[in-house]
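Q: There's a structure below that I have some questions on.
The values are calculated or read from the model by the stated rules, or taken from the named source; none is laboratory data. Given the structure is predicted, the values throughout are model-derived calculations rather than measurements. For neighbour counting, all protein chains shown are included, and Cβ atoms are generated from backbone atoms with ideal geometry for every residue, glycine included. Areas reflect the complete protein model, heavy atoms only, side chains present, ligands, DNA and RNA absent. Shrake-Rupley method; radii C 1.70, N 1.55, O 1.52, S 1.80 Å.
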Amino acid sequence: MVNVVGIGGGIGASRLWLTLNEALDEGTPGLPSPLTLVVNTGDDLWAHGVRVCPDLDTTLYALAGRQDVERGWGTKGETWRCMETLRELGNEVWFNLGDTDLATHLLRTSWLRDGVGLAEVTRRLAAAMGVRCRVLPATEQPVATQLLCTDGKRRSYQEFLVRDAAAPRVHEVTYAGVRAARPAPGVLEALAGADLVVLGPSNPVASLGPVLAVPGIREALREAQAPVVAVTPTVSRVPFEDPGEARRADSRQRLMESRGVAATATGAAELIRDLCDVFVLDGADAQEAEAIRALGPEVLVTPTLARGGRVPRSLADAVLGMVNAGRPLRGAAIGGVRR
Ligand code: FO1
C-alpha cells in the first residue's frame, strides 16, 4: 500500500486532499486510507470561550463532506443563532462560530480540559465524522502565528485575516511557542514511512511555515526517502470566486512580502527550495518554470486550480504518479548534490 503524507493548512490544501483521498481510495477500496495529513495549528485560537482549530476543522469538514464548499470553512447549511444572540447581548463578534461548528469546539474544549492531547482529540472528531484518513495536528503544543504589522500592532493570524481583512502591511511573522513544540504523536513516523510527501497549496508563511518550523519536521522532510512534491499555492490572473479567496490572496501577498519574496509561484518555491523535489505549477504560470528549476526542484506544469471545492483529478493523478520517483529524483533535480 502506498503511504502518502500531506502537509498543509486549511481551505486551499483541503481541496487537494479531497481529490487525492478519492484517487487513493479507488486503489485501496475498503482498506484504511493510505493518506495521513499533518495540519497547521498556528491559526488556533480561543474564541467565545472555546478552542478553535480552523485548519484542522477545515480539513475534517472537507473530508467528511460537511464543509460549506462556497464559503470554504464551517459547515454547510449552517445557522448562526448563537452568534446573533451574542450580538443581541451586546458582544462584538468578529470571529463567527456557526451553531453546528460550535459542537466541534465544545467537544474539543472539554476533551482538552480533561487532559486529552490534540492528536487524540482530532482522531476522535475524525472518527465521529467518518473521516477515514489520518488527520494529525503538526504539534500538540501551542504555536501561535503572530504578525508584527507596519502600523506597530501585533496581531494573531485570525485577527489579521478576519477582523482586519488582511489589510495591514506586515513587517514580520513569528510563530510564538514553536521552539518548545514537538511533532505530534505519529507525525515523524508518518514522514519516515511515506512513499510520497505532498506540500499542499497553502499559504507558505501562515500555513506551511508553522508546520515546518516545528523542530524535527523540516529535518525529517530532508531525510525522507520519499519524493517531496509541492503544489503551487497561487495561480496568476485568476478571478477570485469570492471575497474570502481575495482576502486569502491578500494575506499571501502581505506575508510573502514580509519574507522578501514575491507572492508568485516562484516566491513560494523559494521558501521551500531546500525541501521539495518537484514543484507543481499551473499552466497559467508556465513562464516561471525555468526560474523555479533554477532554485532546485523539478517542475511539473498541469492545471491546479480548484473549482467547486476540489482540484482537478488530473492533478491528484499527476502527484500520485511521482510515488515511484524515489530519492534519486532529488539528486537529479539539483545535479546530484545532496542537501
Ligand atoms: N473566516 C472568516 O472570514 N470569517 C469568520 O468569521 C471565520 C470564522 C471561522 C470559524 C471557524 C473556522 O474553522 C474558520 C473560520 N474562518 C472565518 C476561516 C478562517 O479564518 C481561515 O480562512 C481558514 O482557517 C483558512 O485557513
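Q: Just the residues that are at pLDDT 95 or above, open to solvent by 10 Å² or more (accessible area, probe 1.4 Å) and within 17 Å of VAL198 (Cα to Cα), please, taken from the range 24-53.
A: Within the range 24-53, THR36 is the sole residue that qualifies.
Q: Considering ARG163, ARG222, ARG237, which residue is of a type in the set (Lys, Arg), on the phi > 0 side of the Ramachandran plot and in contact (Cβ under 8 Å) with a residue 40 or more places away in the chain?
A: Details: ARG163 fails: on the phi > 0 side of the Ramachandran plot; ARG222 fails: on the phi > 0 side of the Ramachandran plot.
Within the list ARG163, ARG222, ARG237, the selection yields ARG237.
Q: Same structure, new question: Identify the residue in the range 14-58 that is of a type in the set (S, T, N, Q) and either closer than 20 Å to ALA213 by Cα or touching a Gly at 6+ places or on another chain (Cβ under 7 Å) (or both) and, among all such residues, is farthest from the ligand (Cβ to nearest atom). It would help to see each step written out before you state the result.
A: Just the residues of the range 14-58 that are of a type in the set (S, T, N, Q), to begin with: 14, 19, 21, 28, 33, 36, 40-41, 58.
Among the residues that remain, those that are also either closer than 20 Å to ALA213 by Cα or touching a Gly at 6+ places or on another chain (Cβ under 7 Å) (or both) are: 36, 40-41, 58.
Working: THR36: 19, ASN40: 8, THR41: 11, THR58: 5 Å.
In this case the residue turns out to be THR36.
Q: May I pose another question? Looking at (1) within 30 Å of VAL116 (Cα to Cα); (2) away from the ligand (no atom under 16 Å from the Cβ); (3) part of a loop (DSSP other than H, G, I, E, B); (4) not aliphatic (A, V, I, L, M), which is the one condition that is false for SER202?
A: (2)
Q: Hey, can you tell me all the residues within the range 78-112 that are within 11 Å of the ligand (Cβ to nearest atom) and in contact with a Ser or Thr (Cβ under 7 Å, 6 or more places away or on another chain)?
A: Once the filter is applied, which keeps residues that are within 11 Å of the ligand (Cβ to nearest atom) and in contact with a Ser or Thr (Cβ under 7 Å, 6 or more places away or on another chain), the range 78-112 yields GLU78, GLY98, ASP101.
Q: Would you check which residues across the range 160-198 are more than 28 Å from LEU18 (Cα to Cα), open to solvent by 50 Å² or more (accessible area, probe 1.4 Å) and assigned to a helix (DSSP H, G or I) and list them?
A: ARG163, ARG179, ALA180
Q: Give me the pairs: first residue in the range 109-124 and within 13 Å of PRO137 (Cα to Cα), second residue open to solvent by 30 Å² or more (accessible area, probe 1.4 Å) and not in a helix (DSSP H, G or I), beta-carbon distance under 7 Å, and six or more apart or on different chains, which are they?
A: GLY117/GLU140; LEU118/GLU140; ALA119/GLU140; ALA119/PRO185
Q: Is it true that ALA265 is open to solvent by less than 20 Å² (accessible area, probe 1.4 Å) and either under 13 Å from the mean Cα position of the chain (by Cα) or on the phi > 0 side of the Ramachandran plot (or both)?
A: Numbers: open to solvent by less than 20 Å² (accessible area, probe 1.4 Å): yes; either under 13 Å from the mean Cα position of the chain (by Cα) or on the phi > 0 side of the Ramachandran plot (or both): no.
Taking the combined requirement at face value, the residue does not satisfy it.
Q: Within the range 224-233, is there a residue that is open to solvent by 20 Å² or more (accessible area, probe 1.4 Å) and more than 13 Å from the ligand (Cβ to nearest atom)?
A: Yes, some residue in the range 224-233 is open to solvent by 20 Å² or more (accessible area, probe 1.4 Å) and more than 13 Å from the ligand (Cβ to nearest atom).
Q: Is it fair to say VAL187 is within 27 Å of THR234 (Cβ to Cβ), away from the ligand (no atom under 16 Å from the Cβ) and of a type outside the set (Ser, Thr, Tyr)?
A: Numbers: within 27 Å of THR234 (Cβ to Cβ): yes; away from the ligand (no atom under 16 Å from the Cβ): yes; of a type outside the set (Ser, Thr, Tyr): yes.
Taking the combined requirement at face value, the residue satisfies it.
Q: So is GLY12 over 18 Å from VAL323 (Cβ atoms), part of a loop (DSSP other than H, G, I, E, B) and open to solvent by 10 Å² or more (accessible area, probe 1.4 Å) or not?
A: Details: over 18 Å from VAL323 (Cβ atoms): yes; part of a loop (DSSP other than H, G, I, E, B): no; open to solvent by 10 Å² or more (accessible area, probe 1.4 Å): yes.
When the stated conditions are applied, GLY12 does not pass them.
Q: Take SER14 and decide whether it is in contact with a Lys or Arg (Cβ under 8 Å, 6 or more places away or on another chain) and either among the polar types (S, T, N, Q) or over 22 Å from SER156 (Cβ atoms) (or both).
A: On the way: in contact with a Lys or Arg (Cβ under 8 Å, 6 or more places away or on another chain): no; either among the polar types (S, T, N, Q) or over 22 Å from SER156 (Cβ atoms) (or both): yes.
In short, no.
Q: Now, a different point. Looking only at the range 139-159, count every residue that is open to solvent by 30 Å² or more (accessible area, probe 1.4 Å) and aliphatic (A, V, I, L, M) and tell me the total. Working first, answer last.
A: Here is the first cut: in the range 139-159, the ones open to solvent by 30 Å² or more (accessible area, probe 1.4 Å) are 140-142, 144, 146, 148, 150-154, 156, 159.
With the extra rule that they be aliphatic (A, V, I, L, M), the set shrinks to 144, 148.
Looking only at that region, the number is 2.
Q: Right, something else. Consider SER207 against the criteria (1) in contact with a Ser or Thr (Cβ under 7 Å, 6 or more places away or on another chain); (2) within 14 Å of the ligand (Cβ to nearest atom): it satisfies all of them except one. Which criterion is unmet?
A: Evaluating SER207 over (1) in contact with a Ser or Thr (Cβ under 7 Å, 6 or more places away or on another chain); (2) within 14 Å of the ligand (Cβ to nearest atom) leaves (1) as the failure.
Q: Can you name every residue in the range 200-223 that is open to solvent by less than 20 Å² (accessible area, probe 1.4 Å), in contact with a helix residue (DSSP H, G or I) (Cβ under 6 Å, 6 or more places away or on another chain) and closer than 15 Å to PHE279 by Cβ?
A: Answer for the range 200-223, where residues must be open to solvent by less than 20 Å² (accessible area, probe 1.4 Å), in contact with a helix residue (DSSP H, G or I) (Cβ under 6 Å, 6 or more places away or on another chain) and closer than 15 Å to PHE279 by Cβ: GLY200, SER202, PRO204.
Q: Okay, next question. When ARG248 is evaluated against the numbered criteria (1) crowded, with 23+ Cβ neighbours inside 10 Å; (2) touching an Asp or Glu at 6+ places or on another chain (Cβ under 9 Å); (3) among the charged types (D, E, K, R), which criterion, by number, is the only one it fails?
A: Unmet for ARG248, out of (1) crowded, with 23+ Cβ neighbours inside 10 Å; (2) touching an Asp or Glu at 6+ places or on another chain (Cβ under 9 Å); (3) among the charged types (D, E, K, R): (2).
Q: For a quick check of your reading: which helices (runs of 4 or more DSSP H) sit entirely within the range 274-339 and have at least 3 residues that are at pLDDT 90 or above and surrounded by 17 or more Cβ atoms within 10 Å (Cβ to Cβ)? Break it down stepwise before answering.
A: Numbers: elements: 289-293, 313-320, 328-333.
In the range 274-339, 313-320 are the helices (runs of 4 or more DSSP H) which contain 3 or more residues that are at pLDDT 90 or above and surrounded by 17 or more Cβ atoms within 10 Å (Cβ to Cβ).
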